[in-house]
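Let me begin by presenting the structure, written as structure tokens, before commenting on it.
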Amino acid sequence: MSIESSPAPKTRVRRSPEAARENILAAAEAILVEQGPQALKLADVAKAAGVVHANVIHHFGSIGGVETALMERMIQSLADRVITGFDSGDATPGFGAQALFEAFEAKGAARLAAWLEMTGEGRRMTLVREVVDRVVETRLAKDLAVPRETVIDFILLNIVLAVGVGLFGPTLAELLGRPPGRPREMALELIQGRLSAAVRPA
């Protein structure tokens, strides 16, 4: 009589804490891009990441923690790109603005930023200050030879315009019968004008 062997039990993949967090955030980002921030539910994020609810709570505390961490992840990625470009010596002063607009027009970043603000989580974005400080210390920012406060004001303008264009630009352009890229075009013109005025020799 032959004895059939039982199937080997599936081996659970054990991830490092960093890899586990990244796995959950990648799943959350996929949901964000496809369905928007209102669809970021604990159960759905856990299912998409292939983990149980307790794992998500363990790493982030709540779905609000996932949202905040996801926004910080996007900001860090953008900052790394901008700072690398500024320090390379190859970037132009307008490079940072272009990168900002690309970031907030894609991946649902503008919607997530607005969602965090509406749900009272916006003030947890302390990473923004750290990133701004890093940008101020870049080679390009120093080469502009303008006061630190002026650079920070310029970054603030860039962020506000990029979020606004990313959130409302295409819809408002369509409603007003303008080309879809017109809001971004005008915002960049405004930014370039302010930048030119700031660095113009006295």
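Tell me, which residue of the range 134-143 that is exposed (fewer than 15 other Cβ atoms within 10 Å of the Cβ) and modelled with pLDDT under 85 is nearest to Asp90 (Cα to Cα)?
Arg139
Out of Val13, Val52, I need the residue that is at pLDDT below 95, surrounded by 11 or more Cβ atoms within 10 Å (Cβ to Cβ) and hydrophobic (A, V, I, L, M, F, W, C). Which one?
Val52
Going residue by residue through the range 141-157, is there one that turns out to be polar (S, T, N, Q) and within 14 Å of Ile83 (Cα to Cα)?
no
Could you give me the residue pairs with C-beta distances under 7 Å whose first residue belongs to the range 46-68 and is assigned to a helix (DSSP H, G or I), whose second residue is among the basic types (Lys, Arg) wherever it lies, and which are 6+ apart or on separate chains?
Qualifying pairs under 7 Å: His59/Arg21; Ile63/Lys41; Thr68/Arg124.
I need a count of the residues in the range 87-121 that are more than 25 Å from Ser196 (Cα to Cα), assigned to a helix (DSSP H, G or I) and in contact (Cβ under 8 Å) with a residue 12 or more places away in the chain.
Final tally of qualifying residues: 8.
Output the number of the condition that Ala8 fails; it satisfies all remaining conditions of (1) at pLDDT below 90; (2) assigned by TED's automatic domain parsing to the domain that holds Arg129.
(2)
Please state which of the following conditions Arg184 fails to meet, knowing it meets all the rest: (1) surrounded by fewer than 19 Cβ atoms within 10 Å (Cβ to Cβ); (2) among the basic types (Lys, Arg); (3) under 21 Å from Ala103 (Cα atoms).
Of (1) surrounded by fewer than 19 Cβ atoms within 10 Å (Cβ to Cβ); (2) among the basic types (Lys, Arg); (3) under 21 Å from Ala103 (Cα atoms), only one is false for Arg184: (1).
The values are calculated or read from the model by the stated rules, or taken from the named source; none is laboratory data. The shown structure was predicted, so the numbers you read here are calculated from the model rather than taken from an experiment. No Cβ is skipped: glycine too gets one built from the backbone with ideal geometry, and neighbour counts run over all protein chains shown.
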